[in-house]
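Some notes on the structure that comes next.
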Amino acid sequence: MSKDIILTGITTTGTPHLGNYVGAIRPAIEASRDRHVKSFYFLADYHSLIKCHDPQRINQSSMEVAAAWIALGLDTDNAVFYRQSDIPEIPELTWILTCMTAKGLMNRAHAYKAAVSENENAGENAGTRDPDKGVSMGLFSYPILMAADILMFKATKVPVGRDQIQHLEMARDIAMRFNHHFGEMLVLPEVVVDENTSVLSGLDGRKMSKSYNNTIPLFLPEKKLRKLIMKIRTDTSPPEAPKDPDTSSLFAIYQAFADSDACSAMRRRYAEGISWGEMKQILFETVNAVLDTPRRRYEELVADPEYIESVLQKGALRAREYSTPFLAKIRQAIGIRPIGR
Ligand code: TRP
């Protein structure tokens, strides 16, 4: 058993798409099978509450994300898979850390600063408006909740997207400050940003992202998947013209789903001139072949929410084997303990 503890949170807003799958879900699922590392994966539903106040959507997204990860083969016997809100020690630790975190540190968070600068530059009365308009305390303290997620399980490695690097630095800062005061209890996590995973472009050629509204959801019915792939924007070069695979978003997606022999063969087809229509059809067949079995599994799971819930409850029990005793130690250390002891 290596000493590494890998932990990552999955925000439960929106429906997982092909870009999420290739960039984050697939590598995490592969890692979940490694018997030599201890890993924790969780649905960050308290984080999703920051952006969404629609109870139905909050609930639906958790269900979709959990079903997707299980359907794609997350090893929930090996990895601990749980829902953040099932671990009451996390919000407790969040409050404790909140009291030990400088407000100035949170003032520097990119997400918060972006919201403020948008307010300051907006409209004709720019500069006179409330700079904190629309900013909840949840958004402001987001990095502290994330630090609690990580520090609670003594994670050593945290795989995240580039946009989360600052949050990891903050988690380290918070942990150092705590340790300085109360003794070495918290483990400083390291950020892991995988530079090799490909970033897929979406329907319009920009990076596939929920915020651009250009995604291809993972578990669309086959017909809809084909329809969306046919809609991916291409240039107007004629069918027989030689094409450059390295600037083709169709090829980029193909490459993420086909093996290396198939990719080499496809490069030759590009050089000879393949029509975009044929390429789209091949791309659809390739992506569909990978997603076909998980899609069936996903549909079965969605039809059986009690089973999904039972997987999460099993994960919560396992997670609390760590969080309950550790929070007790932390409370002891900070003086929140029975009178006189
Ligand atoms: N903030 C992360 C994101 O948006 C999700 C997340 C919440 C997370 N808590 C975490 C990631 C703890 C890693 C560790 O992607």
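Bear in mind that the values in this text are calculations on the coordinates, not laboratory data. Note that the structure is a prediction, hence the values are computed from the model and not measured. Cβ placement follows ideal geometry from the backbone for every residue including glycine, while neighbour counts extend to all protein chains displayed.
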**Message:** Helix-only estimate, please: 222 nm mean residue ellipticity of the chain, summing -39500 (n - 2.57) across DSSP H runs of length 4 or more and dividing by its residues, to the nearest 500.
**Reply:** -17000 deg cm²/dmol
**Request:** With an 8 Å cut-off on Cα pairs and a minimum separation of 6 or more residues, tell me the relative contact order of the stretch 8-140 in percent.
**Result:** 25
**Positive-end residue of F219, I339, Q60, charge dipole of the chain with Cβ unit charges** = I339
**Request:** May I have the convex hull volume per residue, in Å³, for the Cα set of the stretch 1-65?
**Result:** 85
**Asked** Longest span of the chain, sites excluded, free of GluC sites (Glu not before Pro) in DSSP loop with at most 16 other C-beta atoms within 10 Å?
**Response** 1-123
**Asked** Magnitude of the Cβ-charge dipole of the chain, K/R +1 and D/E -1, about the Cα centre, nearest 20 debye?
**Response** 520
**Message:** Please report the antiparallel percentage of DSSP beta bridges with both residues in the chain, rounded to the nearest 5.
**Reply:** 10
**Request:** Just check the stretch 72-125 against the gyration tensor rule for me: Cα atoms, a ≥ b ≥ c as the square roots of the eigenvalues, rounded for a/c under 1.5, and otherwise prolate or oblate depending on whether a/b exceeds b/c.
**Result:** oblate
**Prompt:** How large is log10 I(q)/I(0) at q = 0.08, 0.09, 0.10, 0.13 Å⁻¹ when the Debye formula is applied to the Cα atoms of the chain, each weighted equally and without solvent?
**Reply:** -0.46, -0.58, -0.70, -1.08
**Message:** Quick check: from the Cα gyration tensor, does the stretch 1-139 come out rounded (a/c under 1.5), prolate or oblate?
**Reply:** prolate
**Request:** Using only Cα atoms, locate the centre of the stretch 304-341 and the centre of the stretch 133-151, then give the distance between them in Å, rounded to an integer.
**Result:** 20
**Prompt:** If you take the square roots of the eigenvalues of the alpha-carbon gyration tensor of the stretch 238-310 and sort them as a ≥ b ≥ c, do you get rounded (a/c under 1.5), prolate (a/b over b/c) or oblate?
**Reply:** prolate
**Message:** Using the Cα centre of the stretch 219-300 as origin and beta-carbon charges of +1 (Lys, Arg) and -1 (Asp, Glu), tell me which of W276, P294, S248 is placed farthest towards the positive end of the dipole.
**Reply:** P294
**Message:** Taking every pair of distinct Cα atoms and averaging 1/r, then inverting, what Kirkwood hydrodynamic radius in Å comes out for the stretch 168-220?
**Reply:** 14.4
**For the stretch 3-20, Karplus couplings with θ = phi - 60° (6.51, -1.76, 1.60), whole Hz, Gly/Pro x** = 7, 6, 10, 9, 9, 8, x, 10, 6, 9, 10, x, 9, x, 10, 4, x, 4
**Item:** Cα-based reach from K207 at 20 Å (exclusive), listing lysines while leaving out same-chain residues under 8 positions away
**Value:** K227, K231, K280
**Request:** Holding the Cα-Cα limit at 18 Å, pick out from K154/K329; K51/K103; K157/K314; K51/K133; K38/K154; K51/K154 the pairs that are longer than that.
**Result:** K51/K103; K157/K314; K51/K154
